[in-house]
Amino acid sequence: MQKRIEEFLEVQEKKIKKVTEPLIYLNDVTSFSVIGDPGCEGLGTYNMKVYAGALEKSAKSDFTLIVGDMVPDGTKRYYEEIEEITESIAQNPIYVLRGNHDTGEYEQYFGLHNYAIITKDFAIISIDNAMRTFEEEGLMLIKQVLAMEEVKNVIIAFHIPVPNAFIQNCVSEEEFERLKEAYTPWKDKVKYLLCGHVHSCFVDEVDEIPLVCTGGGGAMIEDVSEDIRACDVNHHIVVFSMEDGTLSYQFRDIKENCYEREQEDPILREKLEEAVKGEMMAHLRYLTFADRARKRGMEKIANLFEALADSEYRHARNFYAVLDQPPAFMEAMKEFVPVEQFEYEKLYRMMKQYAKENNAPLAEQAYDLASSAEKVHAELLEEAMQMDQFDCDAVYVCPVCGFIMTGDTPPERCIVCGAPSRQFHTYQVESEKESQEQQEKL
């Protein structure tokens, strides 16, 4: 008996609420937050940092609804990982709606596919359309809940959008007709349709009902249309609340410097910084060895070590993501210029002189070459601070000394070390025509 009580208490204390009954009644609830698509692109550290920030930001609401795609694939290991992260960070109850990536053992972790949360002021009917068709069970639930006399303000939530003016990645018109048939007799009660799936956010009106779409809880933001570009949308949550008797919503951005729990532990912070340095050193070692292998005609060996180098860089970026507390995007550019200026105006000049005085000609040359490049870095960064006016389509990097050059065509040789242009690494922005042609090929 004692063991059963302990198991019951353990379940009760969990933040993720495994739904076992189709109707859930909650008391003293006036708000809830919505997180979209935290894990469909993988459970990498950067994505999970965004998700952690979303969980923390949603903590002020009475509960949180995740509108699908908790995991990249419905296998046990991913469910266990996202469950552990969620339970560690969430501060309010979490309910989950099934997405198209939430396959496999979904029920074991989150329970029923179709259920309704009913409060004194509003109701959320969560229905499954992860396979691009509305389950009959969910449509019957809509009719059941809307027919309740006490239910007035209703949100119908599902993962994949219904047809709308912004994106074609949605269910068919025929499926939408099935949904409309279910709610039409009580249409005046339906205040919002809510969905995820699209890694952005927009609001449209379909069948005279606002459709709120959110997918900014972890997955990388994507372009939706010419009017809704990835660069104009931040990671975010949506907060619904009762205000003066009306159910309303707000999109709330997740700051890039969200979530800093690990930084509060000085030992862990130090070790994370060491890990970043160690992984970046491994990245450089492997790249250098790849260059040596390629010069000897060992293309397969070079290819392997370039892949290893990229892997080490990704490791470094994950460790750094835990530590990184960047300012707002537009403010971040201002911080880069002084660092570059300090390097070429003071640090590298000072170290070059020290190397010269101590008969270290190669170190002297390395500082001299870096100083030349850092000056150009600072100049380009200053230009780039005027982002809308910055008009540099091509950048050339000398792989021998690291000098950076711009222009329609590169010089025949690096103006610092004399390396031939055929060795330069070119970073070039595709024209709109080239980009469109590439998309058509895909």
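The values are calculated or read from the model by the stated rules, or taken from the named source; none is laboratory data. On a predicted model such as this, the values are computed, not experimentally measured, just so you know. Quick reminder, even Gly has a Cβ in these numbers, built from the backbone with ideal geometry, and neighbours come from all protein chains shown. Accessible surface is based on the protein model in full, side chains and every heavy atom, while ligands, DNA and RNA are left aside. Shrake-Rupley method; radii C 1.70, N 1.55, O 1.52, S 1.80 Å.
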Quiz item: Rounded to the nearest 0.05, what FRET efficiency do R292 and E149 have when you use their Cβ-Cβ distance and R0 = 56 Å?
Solution: 0.10
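Quick one: with all protein chains in place, what share of the accessible area of the chain is carbon or sulfur, to the nearest percent (1.4 Å probe)?
On the chain, the fraction of accessible area on carbon and sulfur atoms equals 49 percent.
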Quiz prompt | Simple label model, 7 Å out from Cα along Cβ direction - M333 to E81, nm | solution = 3.5
Quiz item: Cα gyration tensor of the chain, axes a ≥ b ≥ c as square roots of the eigenvalues: rounded (a/c below 1.5), prolate (a/b > b/c) or oblate?
Solution: prolate
Exercise. Pick out which of A230, A370, A321 has the largest mean-square fluctuation in a Gaussian network model of the chain, springs linking Cα atoms closer than 10 Å.
Key: A370
Quiz item: Between I301 and R314, what is the label-to-label distance in nm when each label sits 7 Å out along the Cα-to-Cβ direction?
Solution: 2.5
Quiz item: Local charge sum around M220 (other residues, Cβ-Cβ under 15 Å, Lys/Arg +1, Asp/Glu -1)?
Solution: -3
Self-check item: Nearest-20 debye value, the stretch 135-200 charge dipole, Cβ charges on Lys, Arg, Asp, Glu
Solution: 320
Quiz item: What figure in square angstrom, to the nearest 10, would you give for the accessible area of F342 with a 1.4 Å probe?
Solution: 110
Quiz item: Between their Cα atoms, which of K49/K375; K120/K143; K277/K334; K14/K49; K14/K189 are more than 27 Å away from each other?
Solution: K49/K375; K14/K189
Quiz item: When the label point is put 7 Å from the Cα of E260 along its Cα-to-beta-carbon vector, which residues of the stretch 197-225 have a backbone N closer than 16 Å?
Solution: none
Quiz item: Where does helix 299-323 land angle-wise versus the long Cα axis of the chain, in degrees 0 to 90, nearest 10?
Solution: 60
Quiz prompt | Antiparallel bridge percentage (DSSP; both residues within the chain; nearest 5) | solution = 55
Quiz prompt | Surface per residue (accessible, 1.4 Å probe) for the chain, Å² | solution = 56
Exercise. Once you have the Cα-Cα distance between Q353 and R132, take 0.36 nm times their residue separation minus that, and quote the gain in nm to one decimal.
Key: 72.8 nm
Self-check item: Under Karplus coefficients 6.51, -1.76 and 1.60, residue-wise ³J(HN,Hα) of the stretch 200-207 in Hz, glycine/proline x
Solution: 6, 7, 7, 10, 10, 10, 10, 6
Self-check item: Formal net charge of residues neighbouring A275 (Cβ-Cβ distance under 15 Å; K, R +1; D, E -1)
Solution: -3
Self-check item: For the chain, built as a Gaussian network whose Cα springs stay under 10 Å, the top-fluctuating residue of P411, P22, P210
Solution: P411
Quiz item: If one takes the longest principal axis of the Cα atoms in the chain, at what angle in degrees, from 0 to 90 and to the nearest 10, does the Cα axis of helix 173-183 lie?
Solution: 40
Exercise. Please give the FRET efficiency for K277 paired with T103, using the beta carbon to beta carbon distance and R0 = 35 Å, rounded to the nearest 0.05.
Key: 0.35
Practice problem: Note down the net charge around Q341, summing +1 for each Lys or Arg and -1 for each Asp or Glu among other residues with Cβ under 13 Å from its Cβ. | Solution: -3
Quiz item: What distance in nm separates the simple spin-label points at D207 and A59, each placed 7 Å from Cα in the Cβ direction?
Solution: 3.8
Quiz prompt | Crossing angle, helix 348-357 versus the chain [Cα axis fit, 0-90 degrees, rounded to tens] | solution = 40
Quiz item: Using +1 on the beta carbon of Lys and Arg, -1 on that of Asp and Glu, and nothing else charged, what's the dipole of the chain about the Cα centre, debye to 20?
Solution: 1360
Exercise. May I ask you to evaluate 6.51 cos²θ - 1.76 cosθ + 1.60, the Karplus curve with θ = phi - 60°, for each residue of the stretch 224-234 and list the ³J(HN,Hα) values in order in whole Hz, giving x for glycine and proline?
Key: 9, 7, 4, 8, 10, 9, 4, 5, 9, 10, 9
Practice problem: Could you pull out every residue, at least 5 positions away or on a different chain, whose amide H is within less than 5 Å of the one on L23? Hs are placed 1.01 Å off N in the peptide plane, and Pro or chain starts have none. | Solution: A116
Quiz prompt | Positive-pole candidate from S58, G138, P411, dipole of the chain, charges at beta carbon | solution = P411
